[in-house]
Structure formats: structure tokens, C-alpha cells
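Some notes on the structure that comes next.
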Amino acid sequence: MSIQSTIKRKTAPDIRARKGGEPIVMLTSYHAHTAALVDRYCDAILVGDSLGNVMHGFETTVPVTLDMMILQGHAVMRGSKHALVVVDMPFGSYEASKEQAFHSAVRILKETHCGAVKLEGGVNRAAQIEAITQTGIPFMAHIGMLPQTVREEGGYRIKGRTQSEIGELLADARAVENAGAFSVVLEIVLAEVAKQITNTIDIPTIGIGSGEHCDGQILVTHDLIGLFPWFTPKFVSPEARVAEEIRRAARAFIERTRSIGT
């Protein structure tokens with residue numbers, strides 16, 4: 001007889017139930033060992049397509065493939081035991097049609113065993129989101145600044161500075177809620193607008209660079225621990241300087257090796 005694990009992993013309904021309650025804590029992870037380290041402190045772990053930047057050195061997330069996301073998602077699931085694991089759907093894996101979105105989401109779910117998927121967009125992606133959620137796949141939305149379209153935007157910038165943008169953000173938030181999302185990431189949205197969105201919809205908002213009034217917060221772990229020194233978002237205050245420690249350790253190793261036999 002096999003022994004079943006007694007560990008209960010958090011689910012999408014658990015996160016959905018946190019609306020207006022205890023803040024949701026979310027970090028990124030791309031490896032089994034990082035997932036194991038942050039798992040006990042997080043409600044959810046995002047396997048973000050930001051792995052293209054911080055792991056592979058791409059300028060944007062656009063070159064990331066579905067196979068890359070599945071490989072790293074599977075690794076994170078091996079390292080994580082408690083947190084809900086959400087895997088990003090990369091650029092090119094959902095835009096063509098709702099059928100493409102459905103098949104990509106199914107691949108991610110079946111091959112990684114993750115708890116939910118995420119894609120970028122609001123009103124313009126409602127059909128794809130519905131195609132995913134109507135088949136019972138938990139879905140986390142992502143609106144505001146969208147990294148997959150950063151070239152079109154001309155760079156990262158705060159969303160919600162004009163009445164037109166505020167209206168679009170509110171429409172996007174309502175659209176993803178109506179399409180079945182259990183939560184929505186708000187990226188680099190003006191704090192007061194993020195607060196307005198949070199108070200308008202009935203699903204949790206998870207902010208990144210969007211102020212303190214969201215139902216939760218997410219950060220890229222590499223930014224949090226100072227492991228990607230080439231770029232640190234203005235809204236991040238690193239809690240560690242891991243890149244500096246790696247440089248220090250490398251210098252110490254070189255010096256010790258060169259001193260052998262002298």
C-alpha cells in the first residue's frame with residue numbers, strides 16, 4: 001500500500017478566498033532548489049517567463065518558448081510542496097486563437113502538474129481566458145504593464161496616468177474576472193488606480209510595483225535577493241546582495257588557488 005502525503009498544497013480556491021483578507025505572498029522561481037527555499041514562505045510561486053531575462057540573458061521575455069516554461073515548471077513542482085504553483089504562458093502560445101490557448105494550457109497542466117496558468121492581457125484576451133477556465137483549468141490574469149509587449153510600449157512605464165488608461169484598466173479587470181480568473185496580477189499600475197481596481201472587482205489583486213493597496217504582492221526572487229544586478233526595478237529594495245557575495249566568493253577562490261605552491 002502506498003503512503004499518501006499529508007501535505008496540503010494551496011489551491012486556486014484558497015487564493016481566491018483571500019480577497020480582502022490576509023495579504024497573499026507570491027515570489028517567482030525557476031528551479032527546484034529555489035522553489036524548495038521559498039516554498040514555506042509563499043502562498044503561491046510563479047514560474048514566470050521572466051526566466052528569459054534572469055536565466056537566459058534575453059533582452060525581453062519574447063524569445064521564451066512553451067517547452068522552456070514546461071521544463072522549468074516541472075522543476076519548480078519538484079521543489080515545491082506547499083505553495084500553489086502558477087506557470088506563465090509565453091508569447092506566441094495563446095494569441096492566435098482560443099483553441100491555441102486551450103491546447104497550450106493543457107500541455108502546461110499535464111506536463112508540469114502545476115496548479116494554474118497565467119497569460120497577459122484583459123479585454124483582448126477574454127476569449128482565450130474563457131476557453132481555458134471553462135474546461136476547469138485554474139487561471140491567473142495579468143494586466144497593466146505587460147512585459148511581452150514591452151517593445152510595442154517603448155519600455156516599462158507606469159499604467160493609469162490618464163483617464164483613458166484608467167478606464168482601460170478597469171475594463172480589463174472586469175473582463176478577466178468575468179472570464180473566470182481567480183486572481184489578477186497588476187504590474188506597474190499607479191497605486192491609487194490599483195486601489196480602485198482592488199475595490200471594484202471580487203477577485204484578489206496581486207501587485208508588482210503597484211502600491212500597497214492590492215490584496216497581495218509578488219516579486220521576482222532575483223530582484224528581491226540582488227541576484228540580477230544588471231537591472232533592479234525602482235520599486236524593489238533588495239533584502240540581500242547575492243550577486244556581490246558570488247563575486248566575493250569567486251575572487252576568494254581565485255586568490256586561494258593562485259596562492260597554492262607559492
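Listed values, structure above:
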| item | result |
| --- | --- |
| Within segment 1-75, trypsin sites (Lys or Arg not before Pro) in DSSP loop having at most 15 other beta-carbon neighbours inside 10 Å | 8, 9 |
| All lysines inside 28 Å of residue 8 as judged from Cα atoms, apart from same-chain residues fewer than 8 positions distant | 19, 81, 110, 118 |
| Rounded tilt (10° steps) of 242-259 against the dominant C-alpha axis of the chain | 20 degrees |
| Cα gyration tensor, segment 12-224 - rounded (a/c under 1.5), prolate or oblate | rounded |
| Degrees, to the nearest 10: 163-178 long Cα axis against longest axis of the chain | 90 degrees |
| Stretchable slack from residue 41 to residue 230, in nm (0.36 nm times residue separation minus alpha-carbon distance) | 65.4 nm |
| Taking segment 23-163 and dividing mean pair separation by its residue count, relative contact order in percent (alpha carbons under 8 Å, at least six apart) | 20 percent |
| Reachable aspartates and glutamates, given that their alpha-carbon falls under 12 Å from the alpha-carbon of residue 195 and they are not under 8 places away in the same chain | 212, 215 |
| Segment 119-262: antiparallel DSSP beta bridges as a percent of all, rounded to 5 | 10 percent |
| Mean-position separation - Cα centroids, segment 61-104 and segment 170-207, in angstrom | 22 Å |
| Computed over the chain: relative contact order in percent, which uses C-alpha pairs under 8 Å that are six or more apart | 17 percent |
| Gyration tensor verdict on segment 117-223 (Cα atoms; rounded if a/c is under 1.5, prolate if a/b is larger than b/c, oblate otherwise) | rounded |
| Full-stretch length increase - residue 123, residue 106 - with 0.36 nm per residue and alpha-carbon distance subtracted | 3.9 nm |
| Percentage relative contact order, segment 141-262, counting C-alpha pairs under 8 Å, at least six apart | 17 percent |
| Of all DSSP beta bridges in segment 71-184, antiparallel share, percent nearest 5 | 10 percent |
| Pairwise FRET efficiency - residue 163 versus residue 33, Cβ, R0 = 51 Å, nearest 0.05 | 0.65 |
| The chain: antiparallel DSSP beta bridges as a percent of all, rounded to 5 | 5 percent |
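No value in this document is a laboratory result; all are computed from the given coordinates. These figures come from a predicted structure and were not determined experimentally. Because the Cβ atoms are built from the backbone with ideal geometry, glycine has one as well, and the counts that use them run over all protein chains shown.
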